[in-house]
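Participant: Pasting in a structure now, in structure tokens, and then I'll have a few things to ask.
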Amino acid sequence: MNVLNETDPELGSLELLQKSRLGMDADALLSDLSHYYTRMLGRRTLRTDTPFLYQALAHAVRDRLMERWNDTNIVLDRDTPRRACYLSMEFLMGRLLHNALFSLGAVDASSEALQALGVELAQVEELGHDAGLGNGGLGRLAACFLDSCATLGLPVVGYGLRYHYGMFRQRIRQGYQVEEPDPWLREGFPWEIERIELARTIRFGGRTLTYRDRDGSLRHDWTDTRDVLAVPYDVPIPGYRNGVVNTLRLWSAEATDEFDLEEFNAGSYTEAVESKTAAENISMVLYPNTATESGHELRLRQQYFLASASLQDVLADWHRREGPGLEGFAEKNCFQLNDTHPAVAVAELMRLLLDEHGQGWDEAWAITRATMAYTNHTLLPEALETWPVSMFERLLPRLLEIIYEINARFLEEVSIRWPGDNERLARMSLIGEEGERRVRMAFLAIVGSFSVNGVAELHSRLLREGLFRDFAELWPEKFNNKTNGVTQRRWLAACNPDLSAVITDAIGDGWITDLDQLEGLREHVDAPKFRSAWNAAQLASKQRLAALVQARTEVELDPAMLFDVQVKRIHEYKRQLLNVLHAVHLYDRIRRGDGDDLVPRAIIIGGKAAPGYAMAKAIIKLINNVARVINRDPATEGKLRMVFYPDYNVSAMEVICTAADLSEQISTAGKEASGTGNMKFMMNGAVTIGTLDGANVEIREAVGAENFFLFGHTVEEIAEIRPHYDPRAIIAGDEDFRRVVDLLECGHFSRLEPGVLDGVIESFQHPSDPWMTAADFRGFLDAQRKAEEAFRDTERWTTMSILNTAASGRFSTDRTMRDYNDDIWRLEPVRPD
Ligand code: 26V
């Protein structure tokens with residue numbers, strides 16, 4: 001239901017818009033900036049300790065985006081090309097100002113404008129908050145996808161939630177993680193446009209009525225619902241200097257009325273206000289990805305809220321342009337499900353088509369199956385979503401009916417193909433019957449989609465051979481791979497201007513939109529001038545990071561050291577623990593006088609642990625305790641430093657990824673679906689030390705085995721040794737490992753806090769350790785030694801660094817988006833007039 005009616009754009013306004021293009025020069029920007037600063041924000045004195053200068057510049061820039069945004073939307077409206085919707089519970093956008101300026105080609109002009117005021121652009125950019133609407137890789141991938149789609153001119157709309165509180169801020173107190181809320185909207189978010197006229201009503205609870213309509217067909221009514229309003233806020237997504245601005249539409253939950261009148265009239269004022277709060281809770285907070293948070297009803301509410309609002313939006317827009325019928329809808333629309341989080345969209349699209357658009361089951365199912373596509377992002381069984389049937393029944397009774405019907409028809413198909421195979425039926429059912437009955441969201445997504453993809457070659461193979469084997473046997477043609485990427489605009493061009501200049505001097509700037517051109521760097525790999533420029537840029541980046549680390553942690557890092565970096569969410573499978581064991585080993589060598597030939601090294605670890613994930617939090621405590629002891633011991637002076645970088649986020653990564661020498665990608669094989677941090681490091685010239693996991697496999701293939709430090713058991717080896725895995729025997733048989741464990745167990749790193757580290761120290765010694773950290777200890781040490789030798793040979797390292805960047809072309813999301821488009825979306829690029 002619309003709150004207001006949107007009117008069609010008029011031809012007259014098109015001409016007006018085109019005539020009134022705003023200037024991109026410093027004078028024009030400065031004049032608009034001061035207009036917003038003084039007239040809109042009402043500030044008279046110039047200061048950089050308040051957000052107003054940032055907001056004023058953001059508004060001036062947004063005006064310029066708005067012109068291109070309108071132009072893009074006019075073309076989309078006029079030509080109605082096929083489009084794709086990227087449905088995602090997370091969009092980890094980071095800061096938007098620099099990206100907007102960079103896309104518009106206005107970085108220099110705005111620097112100049114600010115210089116006239118005696119202010120540096122970087123200072124102003126620092127005033128902007130990260131839009132942290134995501135947990136990690138999955139959310140950042142969505143943001144990189146949007147950047148690439150806009151740059152390629154692909155008509156793709158991002159649909160997400162406008163959480164009031166994004167990813168929590170992390171503080172470290174006495175070595176422990178402390179979470180603080182992230183009220184990122186408090187100072188206002190200048191990039192969004194509220195579009196109240198496009199608000200939708202979302203229903204929850206109630207019951208369903210079945211009746212026959214005039215034609216005698218069965219119809220369903222979902223009544224007595226508690227409704228919530230979904231209000232869209234649009235964020236512009238600029239393409240790189242191509243005049244395209246796409247849309248990220250974020251839904252915010254509001255009560256349908258200021259007061260629930262029924263309750264208010266009945267005299268229950270407080271209940272009325274409470275129900276308003278309950279409605280608005282839906283988009284209050286981003287859920288962390290831990291098992292402890294799973295199964296929460298509010299999370300299912302969020303998922304349905306996103307799915308329903310977005311699908312209603314697309315259908316309403318369709319009818320606005322095409323009239324009442326749905327003919328051609330499936331040819332013009334495609335929905336990409338970012339993991340199972342929005343998978344309820346399969347059932348919701350069915351509901352909308354059946355109950356609100358008068359379609360029969362077969363027509364509706366044909367449309368659903370032709371428009372939905374599903375991407376899986378994890379193999380971890382504990383991360384696979386299921387919802388209790390009882391919860392579905394209470395919250396979304398009509399959807400449960402539809403899911404039952406989908407399941408009945410689907411199992412019929414399975415039993416025709418494999419008659420009498422009841423075990424298979426139980427395995428493939430959308431309803432899991434072990435213990436409490438639960439809806440299996442991944443299976444719903446597979447059954448309802450025409451495409452199912454993993455995010456790296458290895459991951460996609462493991463999906464086909466393991467987790468989704470039955471489904472791959474039934475529908476082999478559905479399964480495909482789309483290896484992840486990252487956008488080089490943010491992750492090289494914008495965040496590493498020094499190295500970018502060196503690259504552009506050598507091969508021109510075509511790589512900014514065609515990353516394969518980085519291959520051209522190979523030709524320059526032996527040129528002394530190029531190499532020294534390369535090294536100078538790397539050194540400048542390391543100096544920049546050292547300064548940041550000192551400001552945040554008070555630890556001093558010598559930029560000449562080997563910067564050994566692991567930043568990502570803290571999770572056991574990512575094995576930050578293995579990294580710590582290595583750090584303790586290096587420390588032990590120094591202490592026993594065997595550290596003289598060590599390459600001086602700075603171990604930098606950063607990342608957030610989900611608030612309910614006790615072991616991950618214990619790992620953070622361990623890292624901090626070990627770092628403290630190492631940094632305080634005079635014996636390590638000039639040889640070894642270790643830091644935990646607090647509050648790791650997108651903006652921190654923009655500095656960190658430029659300054660790493662060694663990129664740690666050391667997950668247990670088969671556990672990391674892809675990884676994307678690995679790609680950011682590679683692109684910026686870091687060399688990877690890693691296992692054969694996720695996209696590491698493809699990174700190594702691209703750069704060559706000699707430019708990658710490989711270690712660790714493979715997926716197959718892990719499976720083989722698991723049944724008789726005996727970490728204590730491994731430790732006992734390895735002198736270095738024994739010494740590390742002894743140091744940990746004697747309390748050396750927890751002198752005044754006896755016992756606080758016991759849980760972590762035990763975890764990797766247990767035969768049932770799922771991550772098999774001990775199994776890869778020796779391999780890791782050996783690979784680290786090789787990395788050290790290579791780093792000592794400065795010339796060799798420079799070559800490896802250049803070759804890593806040169807081989808990173810494949811890992812651009814421009815390539816990923818072309819792959820999605822060629823195989824799944826099949827969209828035509830748009831060009832605004
Ligand atoms: C979710 C959960 C939920 C409950 C228990 C623990 C747990 C652990 C991880 C997750 C995240 C699942 C989805 C996800 O974020 N996957 C990441 O997606 C990235 C983009 O494709 C990819 O690069 C990462 O390898 C993958 O972990």
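Participant: Return yes when Asn289 is open to solvent by 10 Å² or more (accessible area, probe 1.4 Å) and within 16 Å of the ligand (Cβ to nearest atom) and no when it is not.
Facilitator: Judged against the criteria, Asn289 is a match.
Participant: Can you tell me which condition Glu405 does not meet? The list is (1) open to solvent by less than 20 Å² (accessible area, probe 1.4 Å); (2) away from the ligand (no atom under 16 Å from the Cβ), and all the others hold.
Facilitator: (1)
Participant: Something else about it: Considering only residues that are open to solvent by 10 Å² or more (accessible area, probe 1.4 Å) and within 20 Å of Leu548 (Cα to Cα), which ones fall in the range 605-631?
Facilitator: If the condition is that a residue be open to solvent by 10 Å² or more (accessible area, probe 1.4 Å) and within 20 Å of Leu548 (Cα to Cα), then Lys608, Asn624, Arg628, Asn631 are the ones that fit.
Participant: On to the next question. Just to check your reading of the model, which residue among Ala383, Ala373 is at pLDDT below 95, surrounded by 15 or more Cβ atoms within 10 Å (Cβ to Cβ) and within 16 Å of the ligand (Cβ to nearest atom)?
Facilitator: Sole residue among the options that is at pLDDT below 95, surrounded by 15 or more Cβ atoms within 10 Å (Cβ to Cβ) and within 16 Å of the ligand (Cβ to nearest atom): Ala383.
Participant: Is there a residue in the range 310-333 that is more than 18 Å from Val157 (Cα to Cα) and touching a helix residue (DSSP H, G or I) at 6+ places or on another chain (Cβ under 6 Å)?
Facilitator: So far as the range 310-333 goes, no, none of its residues is more than 18 Å from Val157 (Cα to Cα) and touching a helix residue (DSSP H, G or I) at 6+ places or on another chain (Cβ under 6 Å).
Participant: Next up: When Val124 is evaluated against the numbered criteria (1) touching a strand residue (DSSP E or B) at 6+ places or on another chain (Cβ under 9 Å); (2) surrounded by 23 or more Cβ atoms within 10 Å (Cβ to Cβ), which criterion, by number, is the only one it fails?
Facilitator: Only one criterion in (1) touching a strand residue (DSSP E or B) at 6+ places or on another chain (Cβ under 9 Å); (2) surrounded by 23 or more Cβ atoms within 10 Å (Cβ to Cβ) is unmet by Val124, namely (1).
Participant: Taking the range 476-508 as the region of interest, how many residues are more than 16 Å from the ligand (Cβ to nearest atom) and among the hydroxyl-bearing types (Ser, Thr, Tyr)?
Facilitator: Qualifying residue count for the region: 2.
Participant: Which members of the range 181-228 meet the condition of being without any contact (Cβ under 8 Å) to a residue 12 or more places away in the chain and touching a strand residue (DSSP E or B) at 6+ places or on another chain (Cβ under 7 Å)?
Facilitator: Matches in the range 181-228: Thr210, Tyr211, Arg212, Asp213, Leu218.
Participant: So which residues in the range 619-662 are within 16 Å of the ligand (Cβ to nearest atom) and not polar (S, T, N, Q), if there are any at all?
Facilitator: Within the range 619-662, Ile619, Tyr648, Val650, Met653, Cys657 meet the criteria.
Participant: Inspect all residues belonging to the range 289-304 and state whether any of them is more than 23 Å from Arg394 (Cα to Cα) and either in contact with a Gly (Cβ under 7 Å, 6 or more places away or on another chain) or without any contact (Cβ under 8 Å) to a residue 12 or more places away in the chain (or both).
Facilitator: Yes, because at least one residue in the range 289-304 is more than 23 Å from Arg394 (Cα to Cα) and either in contact with a Gly (Cβ under 7 Å, 6 or more places away or on another chain) or without any contact (Cβ under 8 Å) to a residue 12 or more places away in the chain (or both).
Participant: From the list His748, His766, pick out the single residue that is over 24 Å from Ile590 (Cα atoms) and open to solvent by 10 Å² or more (accessible area, probe 1.4 Å).
Facilitator: Checking each option against the conditions leaves just His766.
Participant: Could you tell me whether the range 71-92 includes any residue that is closer than 19 Å to Pro190 by Cβ, away from the ligand (no atom under 16 Å from the Cβ) and in contact (Cβ under 8 Å) with a residue 40 or more places away in the chain?
Facilitator: No, the conditions are met nowhere in the range 71-92.
Participant: On the basis of being farther than 27 Å from Ala278 by Cα, at pLDDT 95 or above and under 23 Å from the mean Cα position of the chain (by Cα), does Ile172 make the cut?
Facilitator: Against the criterion (farther than 27 Å from Ala278 by Cα, at pLDDT 95 or above and under 23 Å from the mean Cα position of the chain (by Cα)), Ile172 does not qualify.
Participant: If a residue has to be open to solvent by 10 Å² or more (accessible area, probe 1.4 Å) and within 14 Å of the ligand (Cβ to nearest atom) to count, how many in the range 136-163 make the cut?
Facilitator: Of the residues in that region, 4 qualify.
Participant: Which residue out of Met428, Met441, Met391 is within 16 Å of the ligand (Cβ to nearest atom) and closer than 26 Å to Asn338 by Cβ?
Facilitator: When all the criteria are applied, what remains is Met441.
Participant: Do we find that Asp594 is within 20 Å of Asp734 (Cα to Cα) and over 30 Å from the mean Cα position of the chain (by Cα) in this structure?
Facilitator: Spelling it out, Asp594 is indeed within 20 Å of Asp734 (Cα to Cα) and over 30 Å from the mean Cα position of the chain (by Cα).
Participant: Out of (1) at pLDDT below 95; (2) open to solvent by less than 30 Å² (accessible area, probe 1.4 Å), the odd one out for Asn338 is which?
Facilitator: (1)
Participant: Can you find even one residue in the range 242-258 that is closer than 30 Å to Ile402 by Cα, basic (Lys, Arg) and either within 16 Å of the ligand (Cβ to nearest atom) or modelled with pLDDT under 95 (or both)?
Facilitator: There is no residue in the range 242-258 that is closer than 30 Å to Ile402 by Cα, basic (Lys, Arg) and either within 16 Å of the ligand (Cβ to nearest atom) or modelled with pLDDT under 95 (or both).
Participant: Within the range 1-51, restricting attention to residues that are at pLDDT 95 or above and charged (D, E, K, R), which residue is least open to solvent (accessible area, probe 1.4 Å)?
Facilitator: Out of the qualifying residues, it is Asp32.
Participant: Now a separate question. Name, by its number, the condition in (1) closer than 21 Å to Arg351 by Cβ; (2) open to solvent by less than 10 Å² (accessible area, probe 1.4 Å) that does not hold for Gln312.
Facilitator: (2)
Participant: Kindly check whether there is at least one residue in the range 587-604 that is within 16 Å of the ligand (Cβ to nearest atom), modelled with pLDDT of 95 or more, in a loop (DSSP other than H, G, I, E, B) and open to solvent by 10 Å² or more (accessible area, probe 1.4 Å).
Facilitator: No, the range 587-604 contains no residue that is within 16 Å of the ligand (Cβ to nearest atom), modelled with pLDDT of 95 or more, in a loop (DSSP other than H, G, I, E, B) and open to solvent by 10 Å² or more (accessible area, probe 1.4 Å).
Participant: From the residues in the range 769-780 that are part of a helix (DSSP H, G or I) and either acidic (Asp, Glu) or open to solvent by 10 Å² or more (accessible area, probe 1.4 Å) (or both), which one is nearest to Asp594 (Cα to Cα)?
Facilitator: Here the residue is Arg778.
Participant: If you take just the helices (runs of 4 or more DSSP H) that sit entirely in the range 663-745, which of them hold at least 1 residues that are within 14 Å of the ligand (Cβ to nearest atom) and open to solvent by 30 Å² or more (accessible area, probe 1.4 Å)?
Facilitator: Once the helices (runs of 4 or more DSSP H) in the range 663-745 are filtered for at least 1 residues that are within 14 Å of the ligand (Cβ to nearest atom) and open to solvent by 30 Å² or more (accessible area, probe 1.4 Å), what remains is 696-703.
The values are calculated or read from the model by the stated rules, or taken from the named source; none is laboratory data. Treat the numbers as computed from the prediction; the structure is a model and nothing was measured. Positions of Cβ are generated from backbone atoms using ideal geometry, with glycine treated the same way; all protein chains shown enter the neighbour counts. Note: accessible area is taken over every heavy atom of the protein model, side chains too, but ligands, DNA and RNA are not part of it. Shrake-Rupley method; radii C 1.70, N 1.55, O 1.52, S 1.80 Å.
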